[in-house]
Amino acid sequence: MIQAEDFLAAAGAHGFGLYAGVPCSYLKPLINHVIDAPGLRYVPAANEGDAVAIAAGAALAGLRSVAMFQNSGLGNAVNPLTSLNQIFSVPVLVIVTLRGEPGGPPDEPQHRLMGAITTAMLDLMQVSWSWFPAEAGEIGPALALATRRMAESGAPHAFVMRKGSVAAHPLASRPPAAQQPEVRQLPALAPVASRHEVLRAVQAAAGPEDLLVATTGYTGRELYALDDRPNQLYMVGSMGCAPSLGLGLALARPDRRVIVLDGDGAALMRLGAQTTLGQQQPANLAHLLLDNGVHESTGGQATVSPLVDFCAIAAAAGYPSVAREADPQRVAARLRARVPGLSFMHVPIHPGVPEKLPRPSRPPSEQASRLRAWLGAAA
């Protein structure tokens, strides 16, 4: 059994400074110590996949990061682990607990199957793994192995944590009292422009120091077609993870404004991410949701967005600035105004895709390398 502070001090020496996670009783000492530590940041994710995406965003910006969660939620993390971290070559350290370990301590029935297949799932995803250190003398070698494998592969490495690996650490700090946000109804707007027209206005309004993250599908491809820039990242796969990736980037680089270009289908898939953004309050993040009411890149199947008040959700999640605009020039004006604080803008748009829309010529890993170079961050 090790002390939480010993592991975190050693991890800090390797540059790990941001931890995103979902609680597990095995992880409680680590999470408590990270929350209490003045030099570390803990981001409570709504689900395990969001934790991976948040850590990936911070890592992409040069801050080594950790995603930690119970193995029951490993399935929630499969999407970003395989279609974000692996594809863009963004290594993060994953700590996954081994609930339901075969032959291990008795556990709840829901952990039995996942306990038996946890390491096999990591192998199948080509995520290298090793046991979380259980003795003080194992901490240094374990972290050296993990960072070496991450550097060699450009992919995540996982520590698999058994029960009782870390001694208890009571939480000393308490979160500040939260105020119930005021939610007001904003008038509905009919779309007046295409995604292409809105994206052109966004590019024109973005400053040279802004970082743009475009959600998977046609949004990234259209942004690329308009003008390929080194401060733009075109996500593939990892649907719904753009706001979480943007959050990690914004926390790691508070000197840069991060503009997240989301879609209605993607946002609906991971609405819980907005609660994490609202709790963290990154002052340098603008979240734009382009809503055409369909899953356009998969055949135009309708989403349920006409039934959803995205602005009310953002306000209830704690976004201090919420707006709805349909006119591209009004969208651009709001971006140029640079209202301080976390902001959300719902932008209704017409469906439709330009003919012969190209795909980015650079593979995702090269996009990530280019963005790192633009940020001046270490690879």
Exercise. When both residues are 6+ apart or on different chains and their Cβ atoms are under 8 Å apart, which pairs have a first residue that lies in the range 211-226 and is over 10 Å from SER297 (Cα atoms), and a second that is assigned to a helix (DSSP H, G or I) and among the small types (Gly, Ala, Ser)?
Worked result: VAL213/ALA242; VAL213/GLY246; ALA214/GLY220; ALA214/ALA242; THR215/ALA242; THR215/ALA266
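Does PRO230 qualify as being assigned to a helix (DSSP H, G or I) and closer than 22 Å to GLN86 by Cα? Explain how you work it out, then say what you get.
Working: assigned to a helix (DSSP H, G or I): no; closer than 22 Å to GLN86 by Cα: yes.
In short, no.
For residues that are crowded, with 16+ Cβ neighbours inside 10 Å and either farther than 16 Å from ALA214 by Cβ or over 25 Å from the mean Cα position of the chain (by Cα) (or both), scanning just the range 350-368, find the one that is modelled with the highest pLDDT.
Taking the range 350-368 first, the residues crowded, with 16+ Cβ neighbours inside 10 Å are 350, 353, 360, 364, 367-368.
Right, trim to either farther than 16 Å from ALA214 by Cβ or over 25 Å from the mean Cα position of the chain (by Cα) (or both) and you get 350, 353.
Working: HIS350: 97, VAL353: 94.
My answer is HIS350.
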For this session: Tell me, yes or no, whether the range 109-130 has at least one residue that is under 25 Å from ALA167 (Cβ atoms) and among the basic types (Lys, Arg).
Result: no
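Does LEU247 qualify as being surrounded by 18 or more Cβ atoms within 10 Å (Cβ to Cβ), outside the structural domain of ALA56 (by TED's automatic domain parsing) and assigned to a strand (DSSP E or B)?
Details: surrounded by 18 or more Cβ atoms within 10 Å (Cβ to Cβ): yes; outside the structural domain of ALA56 (by TED's automatic domain parsing): yes; assigned to a strand (DSSP E or B): no.
Criteria not met by LEU247.
Inside the range 256-272, can you point out the residues that are out of contact with any Ser or Thr (no Cβ under 7 Å at 6 or more places or on another chain), surrounded by 20 or more Cβ atoms within 10 Å (Cβ to Cβ) and farther than 16 Å from ALA317 by Cα?
At the first step, the residues of the range 256-272 found to be out of contact with any Ser or Thr (no Cβ under 7 Å at 6 or more places or on another chain) are 256-260, 267, 269-272.
If we keep only those that are surrounded by 20 or more Cβ atoms within 10 Å (Cβ to Cβ) as well, we get 257-260, 267, 270.
Selection gives ARG257, VAL258, ILE259, VAL260.
Quick one: how many residues across the range 213-232 are aliphatic (A, V, I, L, M), under 19 Å from ALA286 (Cβ atoms) and surrounded by fewer than 24 Cβ atoms within 10 Å (Cβ to Cβ)? So that I can check it myself, show each step before the final result.
Applying the first criterion (aliphatic (A, V, I, L, M)) to the range 213-232 yields 213-214, 223, 225-226.
Then drop every residue that is not under 19 Å from ALA286 (Cβ atoms), which leaves 213-214, 223, 226.
Filter once more, so that each one left must be surrounded by fewer than 24 Cβ atoms within 10 Å (Cβ to Cβ): 226.
The qualifying residues number 1.
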Problem set entry | the range 94-109, residues that are assigned to a loop (DSSP other than H, G, I, E, B) and of a type outside the set (Gly, Ala, Ser) | LEU98, ARG99, GLU101, PRO102, PRO105, PRO106, ASP107, GLU108
Exercise. Which one of PRO38, PRO23, PRO29 is surrounded by 19 or more Cβ atoms within 10 Å (Cβ to Cβ) and of a type outside the set (Val, Ile, Thr)?
Worked result: PRO29
Seminar exercise, completed: Restricting attention to the range 275-288, the residues that are assigned to a loop (DSSP other than H, G, I, E, B) and either in contact with a strand residue (DSSP E or B) (Cβ under 8 Å, 6 or more places away or on another chain) or not assigned by TED's automatic domain parsing to the domain that holds ILE349 (or both) number exactly 2
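Of these, GLY62, GLY57, GLY100, which one is surrounded by fewer than 21 Cβ atoms within 10 Å (Cβ to Cβ) and either within 10 Å of the chain's Cα centre (by Cα) or at positive phi (or both)? Before you say what the answer is, go through the steps one by one.
Working: GLY57 fails: surrounded by fewer than 21 Cβ atoms within 10 Å (Cβ to Cβ); GLY100 fails: surrounded by fewer than 21 Cβ atoms within 10 Å (Cβ to Cβ).
The unique qualifying residue is GLY62.
Within the range 81-93, can you find the residues that are among the polar types (S, T, N, Q), assigned to a helix (DSSP H, G or I) and within 17 Å of ALA151 (Cα to Cα)? Spell out the reasoning first.
Our first condition is that a residue be among the polar types (S, T, N, Q); within the range 81-93, this holds for 82-83, 85-86, 89.
Keeping just the survivors that are assigned to a helix (DSSP H, G or I) gives 82-83, 85-86.
Listed by number, the residues that qualify are ASN85, GLN86.
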For this session: Scan the range 155-175 and report the pairs whose first residue is of a type in the set (A, V, I, L, M) and whose second residue is in a loop (DSSP other than H, G, I, E, B), with Cβ atoms within less than 6 Å and a gap of 6+ or a chain change.
Result: ALA155/PRO91; ALA158/VAL127; VAL160/LEU98; MET161/TYR26; MET161/PHE132; ALA167/MET1; ALA167/GLN3
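The values are calculated or read from the model by the stated rules, or taken from the named source; none is laboratory data. For clarity, every value in this text was computed on a predicted model and none was experimentally measured. Cβ atoms come from the backbone with ideal geometry, glycine included; neighbour counts cover every protein chain shown.
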